[in-house]
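Data block below; observations after.
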Amino acid sequence: MLDILVAGGGYVGLSVAAAIKQAAPHLSVEVIEAAPEDAWRKDPRASAIIAAASRMLEVLGAWEAIAPETQPINSMVVTDSQTGDPVRPVFLTFDGDAGGGDGRPFAHMVPNTAMTGALIDACNRFGVALSHGVAVSAFRTGEASTEVTLSNGETRTARLLVACDGVRSKLRDMAGIKYVRWDYGQSGIVTTVEHERPHNGVAEEHFLPAGPFAILPLKGNRSSLVWTEATRDADRLVAGDDFLFEEELERRFGQKLGALKVVGDKRAFPLGLTLARAFVAPRFALVGDAAHGVHPISGQGLNLGLKDVAALAETVVEADRLGLDIGSLAVLERYQTWRRFDTFRMGVTTDVLNRLFSNDIGPVRLVRDFGLGLVDRMPALKSWFIGQAAGVAGPGDPRLLAGVPL
């Protein structure tokens, strides 16, 4: 019998398996992933990893391999304008220091392939079993264990089943956990561009009438884009002519970095808010997007999942050291209490920000621009926002987020 079966071999699933196995080597942990073994090597995207998450990855021994491929975000600029405005006034700027005394920036841009590869290596090093090309087709929870049926007909028995299978989680439905979801009628276009001039590690977020347009620096003269549009417009742009796409892109990106060239796949992802009503059930835990999906306006979606990892790993490891049943509801409730309020708060925050900034109503624009300018002129408040964005760990937060081993 396994101690822990993790369903989902993305960053979150691999991270939670590595974190638990590193701190409690005697526990048996397996990760199953529906995608083929080498599918992750074809992912052209990059993700923003906040300082707290990079500290956790450092503890797991993964950051050393990731770091050479990263681009630190040295500063961030926030503007608010119409799409065709020739000048975009800057209302808010952040420097990149997250605090904490180690000079770490509040975020790095990390290629997804680098992060996945480093986490797979960590899992192999710690003795986590990895199985690809299989998914959970059913499970039945008993008093002392959960019996899991896989898509290939095999079965597993585990004391704890951890669902990391994404925002449309099938395991969440199998567990009977209800959730709240609504769509924004928006999609996020994700792609990579090359430009003539260096970005100097500056990230930009332009609030445009259709939604935020984020320019995130990558290594070299490249940037990752997260471009929010109404779903019908996003689908049209992605499916349409490359020349038209680049023309519309240039209108939003501007000319300050010189000529642009799209070098990555163009993909559009529907945007919405999803919050599970519960994160746990007997011998079952939701982690990452399976528990919550938020708007990318704050760049916190993946990082919320990595915070879940730190909380669940600490909950399980401490319970095991005390001789408690790691899959019992009484133990798992600590994880739920730790994470549910934070994710609810972030869900509400991103929802309000998206509604506030994804419009072109004159009086609303005046109020939001005044608010941005006020924050920019208050160093203490600005530092607090940077700390929140970086996930700076406080006294009651999971130890891994402060870079402290379990």
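Quick one: count up the residues across the stretch 39-67 that are surrounded by fewer than 24 Cβ atoms within 10 Å (Cβ to Cβ), at pLDDT 95 or above and in a helix (DSSP H, G or I). If you could, list the steps in order and put the result at the bottom.
Taking the stretch 39-67 as the starting set, the residues that turn out to be surrounded by fewer than 24 Cβ atoms within 10 Å (Cβ to Cβ) are 39-45, 47, 58-59, 61, 63-67.
Those still in the list that are at pLDDT 95 or above too: 58-59, 61, 63-67.
Right, trim to in a helix (DSSP H, G or I) and you get 58-59, 63-67.
Of the residues in the stretch 39-67, 7 are surrounded by fewer than 24 Cβ atoms within 10 Å (Cβ to Cβ), at pLDDT 95 or above and in a helix (DSSP H, G or I).
If I filter the stretch 205-218 for residues that are closer than 27 Å to Asn359 by Cβ, touching a residue at least 12 places away in the same chain (Cβ under 8 Å) and in a loop (DSSP other than H, G, I, E, B), do I get at least one hit?
Yes, the conditions are met somewhere in the stretch 205-218.
Suppose we filter the stretch 40-63 for residues that are more than 16 Å from the chain's Cα centre (by Cα) and closer than 15 Å to Arg399 by Cα; how many remain?
Within the stretch 40-63, residues that are more than 16 Å from the chain's Cα centre (by Cα) and closer than 15 Å to Arg399 by Cα number 3.
Of all residues in the stretch 245-267, how many are touching a residue at least 24 places away in the same chain (Cβ under 8 Å) and out of contact with any Gly (no Cβ under 7 Å at 6 or more places or on another chain)? Before the answer, list the steps.
The first filter runs over the stretch 245-267 and keeps only residues touching a residue at least 24 places away in the same chain (Cβ under 8 Å), leaving 249, 251-254, 256-267.
Now restrict to residues that are out of contact with any Gly (no Cβ under 7 Å at 6 or more places or on another chain): 249, 252-254, 256-267.
Residues meeting the conditions: 16.
Please go through the stretch 1-38 and give me each residue that is in contact with a helix residue (DSSP H, G or I) (Cβ under 6 Å, 6 or more places away or on another chain), surrounded by fewer than 24 Cβ atoms within 10 Å (Cβ to Cβ) and either polar (S, T, N, Q) or under 18 Å from Asp289 (Cα atoms) (or both), ordered by number.
Answer for the stretch 1-38, where residues must be in contact with a helix residue (DSSP H, G or I) (Cβ under 6 Å, 6 or more places away or on another chain), surrounded by fewer than 24 Cβ atoms within 10 Å (Cβ to Cβ) and either polar (S, T, N, Q) or under 18 Å from Asp289 (Cα atoms) (or both): just Gln22.
So the check is Cβ under 6 Å with 6+ separation or different chains; which pairs have a first residue in the stretch 229-241 that's over 9 Å from Gly185 (Cα atoms) and a second one that's of a type outside the set (A, V, I, L, M) and surrounded by 15 or more Cβ atoms within 10 Å (Cβ to Cβ)?
Ala234/Ser187; Leu237/Phe245; Val238/Lys266
Considering the stretch 259-274 alone, what residues qualify as being buried (at least 19 other Cβ atoms within 10 Å of the Cβ) and not hydrophobic (A, V, I, L, M, F, W, C)?
The answer is Lys266, Thr274.
Can you go through Val90, Val110, Val193, Val136 and tell me which one is over 25 Å from Leu218 (Cα atoms) and touching a helix residue (DSSP H, G or I) at 6+ places or on another chain (Cβ under 9 Å)? Please lay out each step first, then the result.
On the way: Val90 fails: over 25 Å from Leu218 (Cα atoms); Val110 fails: over 25 Å from Leu218 (Cα atoms); Val193 fails: over 25 Å from Leu218 (Cα atoms).
Testing whether each residue is over 25 Å from Leu218 (Cα atoms) and touching a helix residue (DSSP H, G or I) at 6+ places or on another chain (Cβ under 9 Å) leaves just Val136.
Looking only at the stretch 162-196, count how many residues are under 21 Å from the mean Cα position of the chain (by Cα) and part of a loop (DSSP other than H, G, I, E, B).
Of the residues in that region, 6 qualify.
Name the pairs: first residue in the stretch 269-287 and on the phi > 0 side of the Ramachandran plot, second residue at pLDDT 95 or above and hydroxyl-bearing (Ser, Thr, Tyr), Cβ to Cβ under 6 Å, at least 6 apart or on different chains?
Pairs found: Arg283/Thr141; Arg283/Thr146.
For the stretch 319-331, name all the residues that are crowded, with 17+ Cβ neighbours inside 10 Å and touching a residue at least 60 places away in the same chain (Cβ under 8 Å).
Asp320, Ile326, Gly327
For residues that are surrounded by 18 or more Cβ atoms within 10 Å (Cβ to Cβ), modelled with pLDDT under 85 and in a helix (DSSP H, G or I), tally how many sit in the stretch 341-367.
3
Looking at the stretch 227-340, what helices (runs of 4 or more DSSP H) fall wholly within it and have at least 2 residues that are closer than 30 Å to Leu208 by Cα and within 20 Å of the chain's Cα centre (by Cα)? Walk me through it before giving the result.
Working: elements: 231-239, 242-253, 301-321.
Fully inside the stretch 227-340 and qualifying: 301-321.
Hey, can you tell me all the residues within the stretch 14-39 that are within 16 Å of the chain's Cα centre (by Cα) and not β-branched (Val, Ile, Thr)? Quick ask: steps written out before the conclusion?
Quick first cut of the stretch 14-39, residues within 16 Å of the chain's Cα centre (by Cα) only: 14-16.
Within the stretch 14-39, Leu14, Ser15 meet the criteria.
Might you check whether a residue that is within 20 Å of Val134 (Cα to Cα), in a loop (DSSP other than H, G, I, E, B) and at pLDDT 95 or above occurs anywhere in the stretch 17-32?
There is at least one residue in the stretch 17-32 that is within 20 Å of Val134 (Cα to Cα), in a loop (DSSP other than H, G, I, E, B) and at pLDDT 95 or above.
I'm checking my understanding of the structure. Among residues of the stretch 128-147 that are of a type in the set (Val, Ile, Thr) and under 14 Å from Ala285 (Cα atoms), which one is surrounded by the most Cβ atoms within 10 Å (Cβ to Cβ)? Give the steps one after another, and end with the answer.
We begin by selecting, within the stretch 128-147, every residue of a type in the set (Val, Ile, Thr); these are 128, 134, 136, 141, 146.
Remaining after also requiring under 14 Å from Ala285 (Cα atoms): 141, 146.
Details: Thr141: 16, Thr146: 23.
Step by step, filter the stretch 128-147, then rank; the result is Thr146.
Only residues that are at pLDDT 70 or above, not aliphatic (A, V, I, L, M) and not in a loop (DSSP other than H, G, I, E, B): list them for the stretch 388-406, please.
Arg399 - this is the single residue of the stretch 388-406 that is at pLDDT 70 or above, not aliphatic (A, V, I, L, M) and not in a loop (DSSP other than H, G, I, E, B).
The values are calculated or read from the model by the stated rules, or taken from the named source; none is laboratory data. Small disclaimer: the values here were computed from a predicted structure and weren't measured. As a convention, Cβ positions derive from the backbone with ideal geometry for all residues, glycine included, and neighbour counts pool all protein chains shown.
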